[in-house]
Amino acid sequence: MGVKVTVQPFGEWNGHTVNKYTITEIAGIQVSVINYGATVTSIIVPDRNGAPADVVLGFETLDAYVKAGNYYIGGICGRYANRIAGARFRINGSVYTLTGNDGGHCLHGGRNGFDKVCWEGHILPEGDGVEFSYLSKDGEEGFPGNLRVTVTYRVEQHSLVISYAAVTDKPTPVNLTSHCYFNLSGLNNSDILDHQVEINGSSYLEVDPSFIPTGSLQQVEHSLMDFRHYRKAGEVLQELKGIDHCWVLDKHNGAVEKAAGLIHEKSGRMMQVYTTQPGIHFYSGHFLNGSQADSGTDNSFGKYAGLCLEAQHFPDSPNHPSFPPTLLLPGEQYREQTIYSFNTDTHKFVKTKPIV
């Protein structure tokens with residue numbers, strides 16, 4: 001199989017034991033995750049010369065994750081990823097009021113979303129990954145229904161495969177995503193301005209000044225938002241000063257399709273994103289300010305230290321009937337999958353030493 005999983009203690013939080021699970025693909029990639037927030041703490045990937053380095057923002061201590069606040073470093077966002085306008089929505093005429101944690105709106109599940117809870121974790125029977133489960137109780141952050149959620153991390157063929165599943169006993173909106181910040185350079189206090197980004201979307205959601213969708217789609221053609229071919233992030237961000245928008249994927253049919261790509265030419269690392277989701281949210285990391293750090297270290301993340309490519313349903317879908325539906329009903333099962341696949345600019349992985 002060529003994959004092994006190890007477990008080690010990572011700390012204690014609110015009476016819960018937090019463990020770190022490390023999934024190692026021999027001569028491939030290595031992914032570490034913790035059950036606090038079902039968080040990805042590191043993804044170690046070789047460059048074109050076979051030298052491994054971490055390509056996501058992460059911390060060495062649990063305390064740093066707890067104190068990171070609403071930066072969602074590597075965590076799972078839910079019960080509803082992204083924004084819900086006015087922190088409220090209707091289901092069958094009933095109004096549900098959520099926790100407003102973003103200027104009166106609900107962002108990434110509220111004040112204590114899925115990134116700020118402890119999940120149950122266990123190694124998969126196949127030995128190639130880890131499954132986390134969490135019961136979000138009826139009324140948590142204002143959402144209706146007891147929602148039982150599982151998030152599975154598997155490593156195969158130089159890829160991190162994230163599978164989401166959920167069931168509920170009352171109608172409730174569900175939208176889950178991973179909030180990894182990627183920097184393919186291998187970090188070392190670098191930024192993502194020299195990364196090239198590709199997004200397979202011909203339109204994106206128009207938003208108001210609070211980043212709430214207006215309901216209209218904007219075509220990317222002849223605009224700075226056109227990433228249908230690789231473009232250097234820094235050239236666009238020099239004009240826009242920050243990107244925090246959701247693209248509508250062109251080939252969405254519920255199957256796993258390519259959504260986006262990321263290239264760092266100097267290291268030769270490439271990442272391709274595949275997903276079943278209808279949209280991908282590109283966040284440029286412009287709100288990072290260096291306050292997110294491990295105590296007693298210089299491991300802090302400033303503006304543009306990493307960027308996010310969050311496969312998801314559209315923001316504020318519960319309040320936009322024209323958007324792809326996010327309402328999960330009793331008896332149904334929510335299922336989505338996103339794959340982050342790593343390569344080098346030779347279009348094949350060079351032979352590397354095993355990561356230990």
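The values are calculated or read from the model by the stated rules, or taken from the named source; none is laboratory data. Quantities reported herein were computed from a predicted structural model and do not represent experimental measurements. Cβ: placed from backbone, ideal geometry, glycine included. Neighbour counts: every protein chain shown.
How many residues does region 138-193 contain that are within 29 Å of residue 27 (Cβ to Cβ), in contact with a Cys (Cβ under 9 Å, 6 or more places away or on another chain) and among the polar types (S, T, N, Q)? Adding up the residues that qualify gives 1. If you filter region 193-242 down to residues that are β-branched (Val, Ile, Thr) and within 19 Å of residue 265 (Cβ to Cβ), you find that the one that is surrounded by the most Cβ atoms within 10 Å (Cβ to Cβ) is 199. Among the numbered conditions (1) within 24 Å of residue 300 (Cα to Cα); (2) crowded, with 17+ Cβ neighbours inside 10 Å; (3) modelled with pLDDT under 95, tell me where residue 252 comes up short. Result: residue 252 fails condition (1) only.
Scan region 115-127 for residues that are among the β-branched types (Val, Ile, Thr) and in a strand (DSSP E or B) and the total you get is 1. Of all the residues in region 143-184, those that are more than 27 Å from residue 6 (Cβ to Cβ) and either at pLDDT below 95 or of a type outside the set (D, E, K, R) (or both) number 13. The set of residues from region 118-145 being without any contact (Cβ under 8 Å) to a residue 60 or more places away in the chain, buried (at least 17 other Cβ atoms within 10 Å of the Cβ) and not small (Gly, Ala, Ser) comprises 131, 144. Residue-level check: of (1) in contact (Cβ under 8 Å) with a residue 40 or more places away in the chain; (2) part of a strand (DSSP E or B); (3) more than 21 Å from the chain's Cα centre (by Cα), residue 247 misses just (3). Once region 13-41 is narrowed to residues that are of a type in the set (Gly, Ala, Ser) and surrounded by fewer than 20 Cβ atoms within 10 Å (Cβ to Cβ), the residue that is farthest from the chain's Cα centre (by Cα) is 15.
Could you tell me whether any residue of region 276-284 is surrounded by fewer than 16 Cβ atoms within 10 Å (Cβ to Cβ) and either touching a residue at least 24 places away in the same chain (Cβ under 8 Å) or within 29 Å of residue 103 (Cα to Cα) (or both)? No, region 276-284 has no match at all. Residues of region 182-199 that are out of contact with any Lys or Arg (no Cβ under 6 Å at 6 or more places or on another chain) and in a loop (DSSP other than H, G, I, E, B): 183, 185, 186, 187, 188, 189, 190, 191, 192, 193, 194, 195. Quick check on region 154-181: of everything there that is assigned to a strand (DSSP E or B) and among the hydroxyl-bearing types (Ser, Thr, Tyr), which residue is nearest to residue 328 (Cα to Cα)? Here the residue is 172. The C-beta contact set for region 218-240 (first residue farther than 22 Å from residue 185 by Cβ, second residue among the hydrophobic types (A, V, I, L, M, F, W, C) and assigned to a loop (DSSP other than H, G, I, E, B), distance under 6 angstrom, 6+ apart or interchain) comprises 226/220; 239/224. When residue 86 is tested against the conditions (1) surrounded by fewer than 20 Cβ atoms within 10 Å (Cβ to Cβ); (2) of a type in the set (Gly, Ala, Ser); (3) closer than 30 Å to residue 32 by Cβ; (4) in contact with a His (Cβ under 9 Å, 6 or more places away or on another chain), the lone failure is (3).
Selection of strands (runs of 3 or more DSSP E) fully inside region 30-114 by the criterion of at least 2 residues being within 23 Å of residue 143 (Cβ to Cβ) returns 88-91, 94-97.
Evaluation of residue 112 against the conditions (1) under 25 Å from residue 259 (Cβ atoms); (2) surrounded by fewer than 23 Cβ atoms within 10 Å (Cβ to Cβ); (3) not small (Gly, Ala, Ser) shows that the sole unmet condition is (1).
Of 130, 151, all but one fail to be part of a strand (DSSP E or B), within 25 Å of residue 64 (Cβ to Cβ) and more than 16 Å from the chain's Cα centre (by Cα); the exception is 130. Only one of the numbered conditions (1) in a helix (DSSP H, G or I); (2) under 16 Å from the mean Cα position of the chain (by Cα) is not met by residue 261, and that is (1). Would you say residue 62 is in contact with a Lys or Arg (Cβ under 7 Å, 6 or more places away or on another chain) and either closer than 24 Å to residue 171 by Cβ or surrounded by fewer than 22 Cβ atoms within 10 Å (Cβ to Cβ) (or both)? No. Residues in region 164-219 that are touching a Gly at 6+ places or on another chain (Cβ under 9 Å) and acidic (Asp, Glu): 169, 191, 194, 198, 206. In region 304-356, the residue that is modelled with the highest pLDDT out of those that are surrounded by fewer than 17 Cβ atoms within 10 Å (Cβ to Cβ) and on the phi > 0 side of the Ramachandran plot is 331.
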